[in-house]
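Asker: First the structure, then my questions, so here it is.
The values are calculated or read from the model by the stated rules, or taken from the named source; none is laboratory data. Quick caveat, the model's predicted, so the values are computed rather than measured. Note: ideal-geometry Cβ built from the backbone for every residue, glycine included; neighbour counts use all protein chains shown.
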Amino acid sequence: MEIGRSIQRVDAFDKVTGRARFTDDLCPRPILEARILHSTIANGWVKSMDVSRAQALPGVVKVLTCFDVPPHQYPTPGHPWSVEEAHQDVSDRRLLNQRVRIYGDDIAAVVAEDALTARRALGLIQVEYEEYPPVLTPAAALAEGTPPLHEEYPGNVLKRHTAEIPLPESDFKCAEDVLTFPGYHQFRGHYETQQVQHCHMEPPISYAYAEGERICVVTSTQIPHIVRRVVGQALGIPWGRVRVVKPYIGGGFGNKQEVLYEPLNAWLCAQVGGRPVRLEVSREETFQNTRSRHPISFDVRAAVDGDGYLMARECVAVSNQGGYASHGHAIVSNAVTGFRQTYLDQLAHRSDAWTVYTNIATPGAMRGYGIPQANFALECMMEDIALQYGLDPLAFRLQNLMPQGYVDPLNGIVCHSTGARECVEKGRHFIHWDELRAKYQNQTGPVRRGVGMAVFSYKTGVWPISLETSSARVVLNQDGTVQLQLGATEIGQGGDTVFSQMAAQAIGIPTEDVHIVSTQDTDTAPFDTGAYASRQTYVTGHAIKKAGLQFRDKVLEYARELLPGGEKLDIQGRNVVDGASGEVLLPLAELALTAFYSFGHSEHLTAEATSQCRDNTFSFGCCFAEIEVDIPVGKIKVLNIVNVHDSGKLINPKLAEAQVHGGMSMGLGYALSEEMKYDPKTGRLLNGNLLDYKMPTALDHPELHALFVETEDPSGPFGNKALGEPPAIPVAPAVRNALLHATGVAVNTLPLSPQRLVEAFREGGLLE
């Protein structure tokens, strides 16, 4: 059995020795260098630009401005193309923008013989602006008289949608009737989450060059096939004239599930006659000009009966979209959907989601895709309801959990399996929940301790909201091993390792005999939409299993020609064996040589399969956190923390544990310190670097604990379901709820930074 083995990562040796080739390692030298001129206003227009001094600088090849780019707009999110025009992504961005919508907007670019010359040239460009006041909040953007950031959206609302679940037969006519029914406990709450950056190790980087009439872009991306399409759209050329190559990638977390600077790089290459052009953005540009997590505010209501059952809930969510649509309304739409799930409303549910354009740096996809924001609001609400009405917070959650067999009434997603209760009980035992809740009750003094929890659910992939399709190719090598070729991407998460294990399991060979092609090239890699939404082991896993089984059948069919009378054959290890007795009949290496070189029947044994996944399921889990808070200083120290996950069958337990540890670390930064801050007068990002942006280090963490409850999900190719994104979801509300337990003060805005805590403690009467 290859599934369930904690084997070493297939890319481990190359990465620890430095042999792994990332984009910059492949870049030819010398190469032309491109640098971007960013606006020094947040809102307005570029009226004119003088590039004569820059163009005259020795070593400058070309200066191009927002007045030179093609006149059409294109979309940037890493979504599958929709053949239905109504469901296509918003096209609101040009290669360079004359209408300035964020501080640091891309308005011109220089291509030079070297990076130093390119940077010097940027300083010689003179720009004249028409400047408007920056609009940094949805409230300001929605205010009467605020000029539109996009003419197509005069009210600055990218999109709004409402949804209400039809009520079962009852005396109530609508959700509002249930929410206001005097016989139920009524609750209102307001919660806010902040904008944070991915802080992946490798900044976005690409280089582009011409191949005949085609443009090849080598780039650090999660979505090579989608980049190919968007480059074609942006340049207005057939998509077949674009080739995209993705080498090893130094992290993405969703930021590279966006088409960032690849279209601009391809266009610059075309403007200099197809000469190779390299475009790397700095850490500061990564903060300001790529993507981030959406700040979202939530106004929530709930009605709870006397037995502690949720009768109805309402969620009004407003997402700050920044200057451009990026993933746009999909984020807050997923957030209100996630708020609806996890727990079951007995009667009614209503949501109202807004996405509003402002002048902050554009948010996009980030690990969890709106669910960390929604889960913070949901789990804070559950804790606050329990406190307000004297309910046990753990028991209150357990009795309202989504049951197995649940079908989402709006999108039809089915809960095929659930280990949620087991996760909660496992975390409860690990953290010593009952003991600590009693021990830390009614504390006094400046330093106090508390324990908190949060539960989550997470969908696996994007069906039925978007297309879910993947392809895999298995090729027999001459020594009896196989090549595995995928369009799915390894982005540092261990994808290549679990893909190899899946293929090995399906074929019946050792994982060591699967040689996976880690570099995706759209010219040769089978189609896959890429790494996002915790989809790859689930969706691509189906394609791998399908191709692996087809390949196995082809090998056995060929073996029957070599083994007359061998009807019940099987593949075990490196051999063809008798399926009944297990007797070794033919080594695969011998079969392969015969297949390649036989005078009688030479055949290259391969299999390729596409799987369109038309199902989805829920993964579950929880986080328990024990903290110590220094009230006068406003400092939280996490003493102990555990995440417990139901992700179905674990393909590789060690890799699963590593995924959880990474997500927990990200969640702790989200909870305690990370936040993008702006100058309200100029709209300029104030802390767009790793010195001023307070990302926690290993020294700021306690030991991170990961536990699992393995269920067998019938919809997963090997009983598996989502794991990549879930670990980052429940940490922040668990820490917040521990703070509430320790101090009695509810802090409803992230991050739980010292300044915010001191202000809350003062307001709560704990400080003078």
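Asker: Being assigned by TED's automatic domain parsing to the domain that holds Arg101, within 30 Å of Ser665 (Cβ to Cβ) and not hydroxyl-bearing (Ser, Thr, Tyr) is true for just one of Gly189, Gly273, Gly251. Which residue is that?
Answerer: Gly251
Asker: Looking for whichever is of a type outside the set (Phe, Trp, Tyr) and at pLDDT 95 or above here; the options are Asn477, Asn442. Which one fits?
Answerer: Within the list Asn477, Asn442, the selection yields Asn477.
Asker: State whether the residues of the stretch 55-75 include one that is out of contact with any Asp or Glu (no Cβ under 8 Å at 6 or more places or on another chain), of a type in the set (Phe, Trp, Tyr), modelled with pLDDT of 95 or more and not assigned by TED's automatic domain parsing to the domain that holds Val498.
Answerer: yes
Asker: Quick test for you: out of Thr697, Thr682, pick the one residue that is free of Cβ contacts under 8 Å to residues at least 12 places away in the same chain and of a type in the set (Val, Ile, Thr).
Answerer: Thr697
Asker: Another question about this same structure. Inspect the stretch 120-134 for any residue being of a type outside the set (Gly, Ala, Ser), under 32 Å from the mean Cα position of the chain (by Cα) and surrounded by 15 or more Cβ atoms within 10 Å (Cβ to Cβ) and give the result as yes or no. Break it down into steps so the answer makes sense when it comes.
Answerer: From the stretch 120-134, those of a type outside the set (Gly, Ala, Ser) are 120, 122, 124-134; that's our starting set.
Now drop any that are not under 32 Å from the mean Cα position of the chain (by Cα), which leaves 134.
After this cut, where a residue has to be surrounded by 15 or more Cβ atoms within 10 Å (Cβ to Cβ) as well, the list is 134.
Yes, there is a match, as at least one residue in the stretch 120-134 is of a type outside the set (Gly, Ala, Ser), under 32 Å from the mean Cα position of the chain (by Cα) and surrounded by 15 or more Cβ atoms within 10 Å (Cβ to Cβ).
Asker: Only one residue in Ser319, Ser333 is within 20 Å of the chain's Cα centre (by Cα), hydroxyl-bearing (Ser, Thr, Tyr) and crowded, with 24+ Cβ neighbours inside 10 Å. Which one?
Answerer: Every option except Ser319 fails the conditions.
Asker: Determine, yes or no, whether Thr481 is buried (at least 21 other Cβ atoms within 10 Å of the Cβ), over 23 Å from the mean Cα position of the chain (by Cα), within 30 Å of Tyr597 (Cα to Cα) and among the hydroxyl-bearing types (Ser, Thr, Tyr).
Answerer: Criteria not met by Thr481.
Asker: So Lys246 fits all but one of (1) charged (D, E, K, R); (2) farther than 15 Å from Glu33 by Cα; (3) out of contact with any helix residue (DSSP H, G or I) (no Cβ under 7 Å at 6 or more places or on another chain); what number is the exception?
Answerer: The failed condition is (3).
Asker: Counting only residues that are under 30 Å from Gly765 (Cα atoms), touching a residue at least 24 places away in the same chain (Cβ under 8 Å) and under 41 Å from the mean Cα position of the chain (by Cα), give me the strands (runs of 3 or more DSSP E) lying completely in the stretch 559-660 with at least 2 of them.
Answerer: 618-630, 635-646
Asker: So, in the stretch 20-52, exactly how many residues are exposed (fewer than 13 other Cβ atoms within 10 Å of the Cβ) and under 27 Å from the mean Cα position of the chain (by Cα)?
Answerer: 1
Asker: Turning to a different aspect of this structure: Take Ala140 and tell me if it is within 29 Å of the chain's Cα centre (by Cα) and either assigned by TED's automatic domain parsing to the domain that holds Ser665 or among the small types (Gly, Ala, Ser) (or both).
Answerer: Yes; evaluated as a whole, the condition is true for this residue.
Asker: Restricting the stretch 476-530 to residues that are among the polar types (S, T, N, Q) and assigned to a strand (DSSP E or B), which is farthest from Glu258 (Cα to Cα)?
Answerer: Gln483
Asker: Sticking with this one: Across the stretch 715-765, what is the total count of residues that are touching a Leu at 6+ places or on another chain (Cβ under 8 Å), over 16 Å from Tyr191 (Cα atoms) and in a helix (DSSP H, G or I)?
Answerer: Looking only at that region, the number is 3.
Asker: Next up: Which residue pairs have Cβ atoms under 7 Å apart, sit 6 or more places apart or on different chains, and have a first residue in the stretch 224-243 that is in contact (Cβ under 8 Å) with a residue 60 or more places away in the chain and part of a strand (DSSP E or B) and a second that is surrounded by fewer than 21 Cβ atoms within 10 Å (Cβ to Cβ) and of a type in the set (Gly, Ala, Ser)?
Answerer: Correct list of pairs: Val242/Gly232.
Asker: If I ask for residues that are touching a strand residue (DSSP E or B) at 6+ places or on another chain (Cβ under 8 Å) and not in a loop (DSSP other than H, G, I, E, B), which ones from the stretch 683-698 would you list?
Answerer: Scanning the stretch 683-698 gives a single hit, Leu685.
Asker: Moving on to the next point. Return the pairs, sorted by first residue and then second, in which the second residue is in a strand (DSSP E or B) and among the hydroxyl-bearing types (Ser, Thr, Tyr), the first residue lies in the stretch 281-303 and is surrounded by 24 or more Cβ atoms within 10 Å (Cβ to Cβ), the beta carbons are less than 6 Å apart, and the residues are 6+ apart or on different chains.
Answerer: Listed by first residue and then by second, the contacts come to His294/Ser319; Ile296/Ser319; Phe298/Tyr191.
Asker: Looking at Pro393, is it at negative phi, over 21 Å from the mean Cα position of the chain (by Cα) and not polar (S, T, N, Q)? Explain how you work it out, then say what you get.
Answerer: On the way: at negative phi: yes; over 21 Å from the mean Cα position of the chain (by Cα): yes; not polar (S, T, N, Q): yes.
Here the answer is yes, as Pro393 does meet what is asked.
Asker: Sticking with this one: Taking the criterion of being of a type in the set (Val, Ile, Thr) and crowded, with 20+ Cβ neighbours inside 10 Å, would at least one residue in the stretch 650-670 satisfy it?
Answerer: Scanning the stretch 650-670 turns up at least one residue that is of a type in the set (Val, Ile, Thr) and crowded, with 20+ Cβ neighbours inside 10 Å.
Asker: Which one of Glu628, Glu583, Glu608 is within 20 Å of Phe499 (Cα to Cα), surrounded by fewer than 24 Cβ atoms within 10 Å (Cβ to Cβ) and of a type in the set (Asp, Glu)?
Answerer: The conditions single out Glu608.
Asker: Could you please find all residues in the stretch 290-342 being assigned to a strand (DSSP E or B) and among the aromatic types (Phe, Trp, Tyr)? Talk me through it step by step, then tell me what you get.
Answerer: First, pick out the residues of the stretch 290-342 that are assigned to a strand (DSSP E or B): 296-304, 310-322.
Phe298, the sole residue that qualifies.
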